[in-house]
Amino acid sequence: VSLHKPEIKLESLKEDIRDFLKTSGWEKKLQNAVYSELNVFPSPCHPAAPPEHMKEPLAYMRKAQGSWEKRILKSLNSMCTELSIPLAQKRPVSEQKELLNKWNEMGTDEPDLSLFRPVYAPKDFLEVLMNLRNPNYENGEQSSFRNHLGLIQVPLKVKDIPELKEDFSELGLNIGQLGIDDSAQVPPEFFENEHVRVGQKVLAEQDSAAAQQYVRQGCPTALRADLWALILNISNQPEDILYYEQLKSNVIQHDLLVDSLIYKDVKLTASNDDYYFVFEDYLYQVLLCFSRDTSVLEHFTYSSATPPKSYIRGKLGMEEYAVFYPPNGVIPFHGFSMYVAPLCFLYHEPSKLYQIFREMYVRFFFRLHSISSHPSGIVSLCLLFETLLQTHLPQLFYHLREIGAQPLRISFKWMVRAFSGYLATDQLLLLWDRILGYNSLEILAVLAAAVFAFRAVNLMEVTSLAAAEAVLADLSTLKVMPLLQIFLFATVT
């Protein structure tokens, strides 16, 4: 429309379009969209690299992920057969009406889920990771790696403390942080007031890159929801709300086997959590819609995982009758709903909450339950955690290993859930600020190591895995930022 205006001249078209983008606000929107893509998609491979390298460059990792997927699918299919429940079926009209009427109070429903079991739990996944091996290494040839005494036995490059210090330099002891009450340099209230003022300015500018840099020092509570949405480039436009409504109507019309797994998971985890039980209805809404969202399939282009397929009855093995199941390609496991629960504190509008969760999932959370060599993948996080402990707390590491309490057996569940359900919510949100700020999950491994360092004196006295677990059973009183700072910047290296 603007191009038809008489003042637009062909010879100055390029400049005019630039000016129009600036004045209309579209320049910022385009920048944010590009920045968002750069944050999510991997950097380009070598032009000759085969397409599967985009997903995962190491063949043995791809193979391990493939066999893990087969195992999950087998578990799902055997549940189907045992309970003689189809993977998907259309709901009768009466049931559709009933579900629509109680959409906002699904938590009051008490379906009998005693026969359903989670497809897998984090500890099953850990067993698989412990058995990972690089076939190019003959046993005993791993000279540089032989000194690694942890459970993870694959040689991946992980960072040491000097590298982590450099990467997380904004967490330094002399830099103001939200979540540190007694910073000696600057009175906390002075830093906080100034930080809030800068945060408001960042929001006014609507610049994703600036917001991402800003949250590295933590988000003021009042600004967090808007800042996270800006970083994730979520604006909740009318078309987004419409898309959410379409997903909802898919839930109303069709009953999937994974719905029962989602119900069961929420009942086993969030419903029993002092912080999150009040959000039970939100969790069902978001997770049921998520399972139907085919746009989630796009993240499989850069994930080591592949979405599972199911065949229309009687057409087994015939590719033209194959459909992705569930439609989003993600089979929920025990604890999956805890990825959503903390976000319910920030977003009360279901379609916005939904979009934020979906974006968090396709940027970060999928890496916590797939086998890959990515620095933010769960294998690297486990190795980073074990290496940090073995290097900086060798006595503690050896002691726990000797008594059969390998530290990773305790910390694995924290990392898989990004500490959700383990830390107090205000502390968890400060941690997730930094995940968004650094666009990396490595901080989870650093925090896990810092927790062991903090409890080292008590852990040196335990004589069994159960006793070690008891010492670390309750993390709800921990303050995340001081732990991270002390571990990274006050550890003698």
Open item on the list: Tell me the net charge near Ile72. Cut-off is 15 Å between Cβ atoms, Ile72 excluded, with +1 for each Lys or Arg and -1 for each Asp or Glu.
Closed with: +2
Open item on the list: Could you order the peptides 264-275, 406-417 from most to least packed, using the average number of other C-beta atoms within 10 Å per residue?
Closed with: 406-417, 264-275
- [ ] Pick out, from Ile85, Cys344, Gln206, the residue whose Cα sits farthest towards the positive end of the charge dipole of the chain, with +1 on the Cβ of Lys and Arg and -1 on the Cβ of Asp and Glu.
- [x] Ile85
- [ ] For segment 319-395, report the accessible area per residue in Å² (1.4 Å probe, heavy atoms, rounded to an integer).
- [x] 25
- [ ] Report, in order of residue number, the helices in the chain meeting two criteria: a C-alpha extent of 15 Å or more along the helix axis, and a mean Kyte-Doolittle hydropathy of at least -1.0; treat each whole DSSP H run as one helix.
- [x] 13-24, 26-40, 59-83, 188-205, 221-231, 238-253, 257-268, 280-291, 350-363, 378-392, 425-438, 442-454
- [ ] Run the accessible area of the chain with a 1.4 Å probe and give the carbon-and-sulfur part as a rounded percent.
- [x] 56
TODO: Take the alpha carbon atoms of segment 66-111, find their radius of gyration, then divide it by 2.2 N^0.38 Å using N residues; give the quotient.
DONE: 1.62
Task: Dipole-positive endmost among Ala490, Asn328, Leu283 within the chain (Cβ charges, Cα centre) - done: Asn328
TODO: Report Rg/Rh for segment 372-493, rounded to two decimals, where Rg is the Cα radius of gyration and Rh the Kirkwood radius.
DONE: 0.94
Task: Among Phe168, Leu21, Ser114 the positive-end extreme of the charge dipole of the chain (Cβ point charges) - done: Ser114
- [ ] For the chain, just the Cα set please: Rg and Dmax, both in angstrom.
- [x] 24.1, 84
Open item on the list: If you count only protein heavy atoms and use a 1.4 Å probe, how large is the accessible surface of Thr301, to the nearest 10 Å²?
Closed with: 70
Task: Per-peptide average of other Cβ atoms within 10 Å, ordering 476-484, 163-171, 280-288 highest first - done: 280-288, 476-484, 163-171
TODO: Using a 10 Å cut-off on Cβ atoms, rank the peptides 60-67, 328-335 from the highest mean neighbour count down.
DONE: 328-335, 60-67
Task: Check: the chain dipole with +1 on Lys, Arg Cβ and -1 on Asp, Glu Cβ, in debye - done: 1160
TODO: Apply the Debye scattering formula to segment 41-140, with a single equal point scatterer on each alpha-carbon and no solvent, then give log10 I(q)/I(0) at q = 0.13, 0.19, 0.24 Å⁻¹.
DONE: -0.80, -1.07, -1.30
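The values are calculated or read from the model by the stated rules, or taken from the named source; none is laboratory data. Here the structure is a predicted model, which is why all the values come from computation and not from measurement. Neighbour counts are summed over all protein chains in view; Cβ atoms, including those assigned to glycine, are modelled from backbone coordinates with ideal geometry. When the accessible area is computed, the model is the full protein with side chains, heavy atoms only, and any ligands, DNA or RNA have been set aside. Shrake-Rupley method; radii C 1.70, N 1.55, O 1.52, S 1.80 Å.
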